[in-house]
Ligand SMILES: Nc1ncnc2c1ncn2[C@@H]1O[C@H](COP(=O)(O)OP(=O)(O)OP(=O)(O)O)[C@@H](O)[C@H]1O
């Protein structure tokens, strides 16, 4: 994961006919974590999608080095499949990496169809898929939504471990996320 980076330079974002923010620059190197905060609709998810290459910049640039793993409300697990088979699909795509099923409390749920999982269970399943992906750059959109206290602490620990291993984490959330060395940016300061 060494060599991973995110470089956002003088970025502006437009959605529909509204410019949401402009003049945003940030740099993340291996081991860094940054939380983007701001109220509903300010553009946090849009920023992650631009960094992921899924939405265009209105102005400026967003460049990344290293493979990207994005976790948002679209968890990309087939709702009709039992969890084990839904995760197995991605394991075949990503390589047979360990995705921490026991640690994430998913070992007992592998026979349950994804559509029956609770909100927090689906979020933990999305984290399992992310871990299996071995991506250097983690883009996490509201990663703590729907998680209980134990799962919140586990997610914070997983991010700390990812950064310690040389990964990068960019979090979009209005909720507190406890991580010792994390920087924060208030997107409201760049509102257009
Ligand atoms: N494809 C789109 N076309 C037009 N407008 C869009 C599109 N996607 C998002 N928007 C609008 O852009 C604004 C920013 O949305 P975004 O999801 O980035 O905000 P957010 O800060 O992540 O909000 P939240 O905290 O509620 O998740 C919202 O007003 C939203 O309606």
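The values are calculated or read from the model by the stated rules, or taken from the named source; none is laboratory data. As the structure is a prediction and not an experimental result, all values here were calculated from the model. Glycine gets a Cβ as well: all are built from the backbone with ideal geometry, and neighbour counts include every protein chain shown.
Of 135, 102, all but one fail to be more than 16 Å from the ligand (Cβ to nearest atom), under 23 Å from residue 63 (Cβ atoms) and assigned to a loop (DSSP other than H, G, I, E, B); the exception is 135. Only a single criterion out of (1) more than 15 Å from residue 33 (Cβ to Cβ); (2) part of a loop (DSSP other than H, G, I, E, B); (3) without any contact (Cβ under 8 Å) to a residue 12 or more places away in the chain is not satisfied by residue 176, namely (1). Exactly one residue out of 12, 76 is in contact (Cβ under 8 Å) with a residue 12 or more places away in the chain and closer than 25 Å to residue 131 by Cβ, and it is 76. Of the candidates 39, 46, the single residue that is within 8 Å of the ligand (Cβ to nearest atom), touching a strand residue (DSSP E or B) at 6+ places or on another chain (Cβ under 8 Å) and in contact (Cβ under 8 Å) with a residue 12 or more places away in the chain is 46.
Against the list (1) within 14 Å of the chain's Cα centre (by Cα); (2) assigned to a helix (DSSP H, G or I), the condition residue 153 fails is (1).
Here the stretch 6-17 is the region considered, the condition is being over 18 Å from the mean Cα position of the chain (by Cα) and in a strand (DSSP E or B), and the residue that is surrounded by the most Cβ atoms within 10 Å (Cβ to Cβ) is 13. With respect to the conditions (1) in contact with a helix residue (DSSP H, G or I) (Cβ under 8 Å, 6 or more places away or on another chain); (2) over 16 Å from residue 138 (Cα atoms); (3) assigned to a strand (DSSP E or B); (4) more than 15 Å from the ligand (Cβ to nearest atom), residue 20 falls short on a single one, namely (4). Only a single criterion out of (1) in a helix (DSSP H, G or I); (2) within 16 Å of the ligand (Cβ to nearest atom) is not satisfied by residue 84, namely (2). Of all residues in the stretch 49-61, those that are over 14 Å from residue 19 (Cβ atoms), part of a loop (DSSP other than H, G, I, E, B) and more than 11 Å from the ligand (Cβ to nearest atom) total 1. Looking only at the stretch 23-36, residues that are more than 9 Å from the ligand (Cβ to nearest atom), touching a helix residue (DSSP H, G or I) at 6+ places or on another chain (Cβ under 7 Å) and either outside the structural domain of residue 56 (by TED's automatic domain parsing) or part of a strand (DSSP E or B) (or both) come to 3 in all.
Among the candidates 69, 3, single out the residue that is more than 14 Å from the ligand (Cβ to nearest atom), closer than 20 Å to residue 162 by Cβ, touching a residue at least 60 places away in the same chain (Cβ under 8 Å) and not in a strand (DSSP E or B). From the options 69, 3, the qualifying one is 3.
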